[in-house]
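Let me begin by presenting the structure, written as structure tokens, before commenting on it.
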Amino acid sequence: MNTLAQAQSPVQYTVAFPNAVHHEAQVTAVFTEVKPGTLQVRMARSSPGRYALHEFAKNVYNVQATDSKGKALSISRSDPYSWDVSGHDGTVRFTYTLFGDRTDGTYAGIDFQHAHLNMPATLAYARGLEQRPIEVRFDAPASWQVATQLRPDGKGTYFAPHLQYLMDSPTSLGAQKVRSWQEQGRTIEMSVLHDGTDTELDAYVDQAKKVVKEAAAVFGELPAYDFGRYTFVANYLPGTSGDGMEHRNSTSITSARPLRTGALDNLGTVSHEFFHSWNVERIRPKSLEPFDFDRANMSEALWFAEGFTQYYGDLLLRRAGAFTDKQYLEEVSGLVNAMVNSPGAQQYSPVQMSQQAPFVDAAVSIDPNNRSNTYLSYYYIGAVNALALDMLLRQNYKTDLDAFMRAVWQQYGKPQRDYAPEHPYTLPDLQRVLGQVSRDTAFAGRFFRQHLLGHEQLKFDELLAPAGLVVRKAHAGQASLGLNRLTFNPDSTVTVAGTTIISSPLYTAGLDREDQITKLDGQRIMNRKTLVDLLANHKPGDVLPVEYRSRGQQRTAQVTLAEDPLVEVVPYETVKQPLTKKMKAFRAAWLGSKAK
């Protein structure tokens with residue numbers, strides 16, 4: 001933080017919960033030493049880790065402003081997300097009511113037992129005062145404790161060096177159950193709201209410790225957390241929306257799955273989000289630095305920031321022993337399926353998929369879209385390219401993706417300044433590092449050109465064979481209508497739930513979104529079992545008559561059945577192919593623990 005910012009008076013917030021049962025908070029922001037003229041107070045329109053607009057001002061009302069003497073100040077509106085305050089005496093006391101009833105990583109969730117606050121959805125800020133230090137006080141029930149990456153000052157207030165850090169600091173209030181441990185001289189803590197037992201929590205934390213060790217082993221070290229501490233801000237209560245959101249020295253994890261039944265799913269979020277404390281929080285694309293709270297944030301690098309993290313999230317679970325080989329290969333099968341069965345992946349690159357984030361990352365729209373044919377999530381298209389790159393580096397260059405991630409970390413993540421990366425990366429930077437690690441700049445250029453900037457198909461059989469794995473049809477020879485989503489109705493009709501997928505039997509026959517199939521091969525489809533049984537009596541290539549309603553018209557068509565397109569990745573042992581010692585060693589080096 002610069003000297004000028006330190007010399008300025010801090011912005012002070014108080015957040016109280018007098019009507020928590022109805023999801024309201026009362027927020028007071030005090031801005032002092034304000035220059036003469038109009039002060040613009042704003043709510044953020046976007047949130048770190050999200051890329052779409054969310055317009056948090058929609059949940060703010062009862063707005064008032066006074067000066068240092070309590071005199072009411074004039075407020076005008078120049079846009080939907082700001083309040084222009086005039087007539088002040090150098091001090092503006094700005095108060096409002098906040099409504100929040102969604103507990104996840106993006107919004108604010110408030111009720112009688114807790115408050116889970118994402119700061120962009122909670123705290124208004126003043127234009128021009130973004131570099132000032134910040135103090136936050138929570139006026140909460142005595143039984144509520146605070147979990148946050150904000151620095152406690154020991155006097156009941158919490159400190160942020162500036163607005164960027166504040167907005168990146170989710171905070172949970174409630175009856176926290178805290179488990180903390182030391183790892184490489186850093187304090188790692190898990191602050192949990194849940195309705196389970198201490199035994200369940202202790203078992204869960206023991207697994208999380210192993211994941212933390214495996215993540216640190218990839219990079220060779222933990223980050224230097226700014227206040228010596230990393231916090232998992234976890235909410236596992238009923239009514240909670242499933243989410244994980246990375247932050248610089250913490251992560252927000254929310255799920256309605258209790259630890260007694262959903263521990264492994266919840267641990268997957270822990271694994272993914274903790275990896276982000278390196279990748280995207282410190283190894284950060286230049287296109288997202290600094291984050292802009294006034295607009296949607298677009299990056300060309302989410303295939304790396306999110307996709308490579310997706311790959312490691314599952315891999316760390318295997319290395320930590322939370323996944324068996326079988327469970328991990330089910331995740332790999334999902335990645336391969338996503339890639340080979342996505343029409344969008346045949347047309348558009350991971351870079352182009354990344355640039356779609358403002359339209360798909362929790363974005364809200366009411367008009368239908370064609371994303372089933374034009375889009376594959378940057379999580380999946382990035383993860384499958386991480387898998388491919390890991391296999392290629394191991395097979396051909398006597399190195400691996402871990403070495404690549406360590407090199408990127410040393411050059412673009414570890415050097416930090418003022419709570420931000422000193423050298424945010426660009427795509428040419430990543431390509432250059434890949435050339436260094438592989439010692440083959442031609443390979444690095446070719447991989448980026450073909451698979452990251454382009455959309456050339458990966459050869460999964462060749463990539464996975466050295467690990468003793470085979471890619472095969474999951475349901476070879478079985479007839480199918482394709483991977484279209486179908487809804488089975490009580491009146492024995494079947495609704496096509498989304499836009500039909502290009503080249504699928506229904507698409508080719510001319511059926512589209514919301515069409516209702518009334519008969520297939522002369523039969524009414526009572527339920528899913530009826531459809532499965534009908535298809536089991538046919539083979540790929542058979543042509544069946546279909547009767548359907550489309551936008552009020554009764555229509556008929558001919559559907560040519562296709563082979564079920566799903567694939568699976570299985571070990572050689574499953575298909576009774578010989579597994580060599582070299583394959584065993586390759587698989588162990590890839591999936592085995594790296595933690596010391």
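The values are calculated or read from the model by the stated rules, or taken from the named source; none is laboratory data. What you see is a predicted model, and the numbers here were worked out from it, not measured in a lab. Positions of Cβ are generated from backbone atoms using ideal geometry, with glycine treated the same way; all protein chains shown enter the neighbour counts.
Remarks
- Those strands (runs of 3 or more DSSP E) of the range 171-246 in which 3 or more residues are closer than 22 Å to ALA322 by Cα and not assigned by TED's automatic domain parsing to the domain that holds GLN416 occupy 177-183, 186-194, 229-236, 243-246.
- Check on TYR236, touching a Pro at 6+ places or on another chain (Cβ under 8 Å) and among the aromatic types (Phe, Trp, Tyr): yes
- Filtered residues of the range 123-160 (kept if in contact with a Phe, Trp or Tyr (Cβ under 8 Å, 6 or more places away or on another chain) and among the polar types (S, T, N, Q)): THR148, GLN149
- Selection from the range 407-420 of residues that are of a type outside the set (D, E, K, R) and surrounded by fewer than 22 Cβ atoms within 10 Å (Cβ to Cβ): ALA407, TRP409, GLN410, GLN411, PRO415, GLN416, TYR419, ALA420
- Identification of strands (runs of 3 or more DSSP E) wholly contained in the range 1-57 with 2 or more residues that are at positive phi, at pLDDT below 95 and surrounded by fewer than 18 Cβ atoms within 10 Å (Cβ to Cβ) yields no element.
- The range 58-76, residues that are part of a loop (DSSP other than H, G, I, E, B), surrounded by 11 or more Cβ atoms within 10 Å (Cβ to Cβ) and among the basic types (Lys, Arg): LYS71
- Sole residue being more than 37 Å from the chain's Cα centre (by Cα) and either crowded, with 16+ Cβ neighbours inside 10 Å or assigned by TED's automatic domain parsing to the domain that holds THR14 (or both), chosen from GLY105, GLY90: GLY90
- Residues of the range 474-513 that turn out to be out of contact with any Ser or Thr (no Cβ under 9 Å at 6 or more places or on another chain) and buried (at least 19 other Cβ atoms within 10 Å of the Cβ), as a count: 1
- Some residue of the range 323-341 being closer than 25 Å to ARG50 by Cβ and small (Gly, Ala, Ser): yes
- Positions within the range 439-453 being over 15 Å from PRO428 (Cβ atoms) and either of a type in the set (D, E, K, R) or crowded, with 16+ Cβ neighbours inside 10 Å (or both), in sequence order: ARG439, ASP440, PHE443, HIS451
- Of the residues examined, LYS539 is not one that is touching a residue at least 40 places away in the same chain (Cβ under 8 Å) and under 21 Å from ALA338 (Cβ atoms).
- Candidate set: the range 125-160, residues that are of a type in the set (S, T, N, Q) and outside any loop (DSSP other than H, G, I, E, B); chosen: the one farthest from the chain's Cα centre (by Cα): THR157
- Subset of the range 524-558 that is among the polar types (S, T, N, Q) and exposed (fewer than 14 other Cβ atoms within 10 Å of the Cβ) - its residue that is nearest to the chain's Cα centre (by Cα): ASN527
- Residue within the range 422-430 that is assigned to a loop (DSSP other than H, G, I, E, B), at positive phi, at pLDDT 95 or above and out of contact with any strand residue (DSSP E or B) (no Cβ under 8 Å at 6 or more places or on another chain) present: no
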